[in-house]
Each structure stands twice: as C-alpha cells, then as structure tokens.
1. Which of the residues belonging to the range 116-138 are exposed (fewer than 10 other Cβ atoms within 10 Å of the Cβ) and within 23 Å of G76 (Cβ to Cβ)?
2. Within the range 75-84, how many residues turn out to be crowded, with 19+ Cβ neighbours inside 10 Å and either in contact with a His (Cβ under 9 Å, 6 or more places away or on another chain) or closer than 14 Å to V105 by Cβ (or both)?
3. Every residue in the range 37-54 that is under 15 Å from I79 (Cα atoms) and touching a Ser or Thr at 6+ places or on another chain (Cβ under 8 Å), please.
4. Scan the range 92-115 residue by residue and report those that are within 16 Å of the chain's Cα centre (by Cα) and not aliphatic (A, V, I, L, M).
5. Taking the range 74-95 on its own, how many of its residues are of a type in the set (A, V, I, L, M), in contact (Cβ under 8 Å) with a residue 40 or more places away in the chain and assigned to a loop (DSSP other than H, G, I, E, B)?
6. Would a scan of the range 78-101 turn up a residue that is among the aromatic types (F, W, Y) and within 28 Å of L139 (Cα to Cα)?
7. Collect the residues in the range 27-59 that are at pLDDT below 95 and within 18 Å of the chain's Cα centre (by Cα), keeping them in residue-number order.
8. Restricting attention to the range 114-152, and to residues there that are in contact (Cβ under 8 Å) with a residue 24 or more places away in the chain and part of a helix (DSSP H, G or I), which single residue is farthest from K68 (Cα to Cα)?
Amino acid sequence: MPPPDRAARQLPDVHTTSSRVTPQTLLPAVGVSVSAFLLFGAHLRPLGYIVLLLSLGAASVLDRPLAKDLLLIGIGISIISTTSVAADVSWDRFLAIGTALTVAVAVPFLIDRLVYRRRAIRFPWRGHRRWPTSEKVYLAAVPLLGWVILPYYF
C-alpha cells in the first residue's frame, strides 16, 4: 500500500468511476461510433458532426459518467477529422497526420488528468520490467516496413 501522502494524491481509477451499462446508455456510444464512420469512412462531415453532438447530448442526459468518457472520445475524433487521412506518403502529410494523431491522444488524456482529475486513460509503458525481444523487434520493424512498403503501395 502506498504511503498516506501519496495515496491522497492518487487520481481515481476508471473502475471506480464507471457506470452500469444498459441498452439505453449503449445508444450514445453507438452514436459516437457511427459518427466516426460518417466522418472517416463515408466522408460526410456535417452529418458526422451532427450525430456526434446528438450522441454526446443524449449521453449527458442518460448517464453523466458515460458522457464524460464519450466526450473525450468525441474530442479525439473531432481533432482527427481536421486533417485528411488520404493515402499520401509525402513528408508534409506525414507531419500533419502525425501531429493530428498526437494531439488527438494528448488532449483527451490531459483533460482526463487535469480537468476530470482521474485516470481513465492509461498507457501501460511497462517501465518497471524488461521488454521481451519480440516487442523490441516489433517497434523497430513496423516503421521500417512502413517506410519500405508504403511508397510502392500508393
């Protein structure tokens, strides 16, 4: 158990703040998923944003904790939707998409920690254990293979 001063500073875990899943509360989550499809798959931006806003509004009426979580997801979706994810391997697109994806992860993470004062979003870095060789190889191989394959693919 952590020392008392450290325990007092710990943020709530997602498991202590989650609510019960019901068919009613599932609908706003489905709506957020549909909005992502409309924005990225069907390229229907106005309709996608409308579905996203209606889903977040429904969640805030039906279940406040769920609304907080879906708002974080909606913020990430909205940030990603600001840039084109069209297949283009030029450096300017690489940087634009990389920046959008970084901001889409960082902003909800920071809101969760600094505004909501909890730890619903976590990244298990495994900092206290050695990484298996397979994980190290994977981290090196994926960018290398992408760099080699993608220019010929597009």
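1. Residues satisfying the conditions are R117, F123, P124, W125.
2. Residues in the range 75-84 being crowded, with 19+ Cβ neighbours inside 10 Å and either in contact with a His (Cβ under 9 Å, 6 or more places away or on another chain) or closer than 14 Å to V105 by Cβ (or both): 3 in total.
3. Selection gives L39, F40, R45, G48, Y49, L52.
4. G98, T99, T102, P108, F109, D112, R113, listed by residue number.
5. Of the residues in the range 74-95, 3 are of a type in the set (A, V, I, L, M), in contact (Cβ under 8 Å) with a residue 40 or more places away in the chain and assigned to a loop (DSSP other than H, G, I, E, B).
6. Checked the range 78-101: at least one residue is among the aromatic types (F, W, Y) and within 28 Å of L139 (Cα to Cα).
7. Listed by number, the residues that qualify are F40, G41.
8. Ranking the candidates gives P151 first.
The values are calculated or read from the model by the stated rules, or taken from the named source; none is laboratory data. Fair warning: this is a prediction, and the values are worked out from it, not measured in the lab. With ideal geometry, Cβ positions are generated from the backbone for all residues, glycine too; neighbour counts draw on all protein chains shown.
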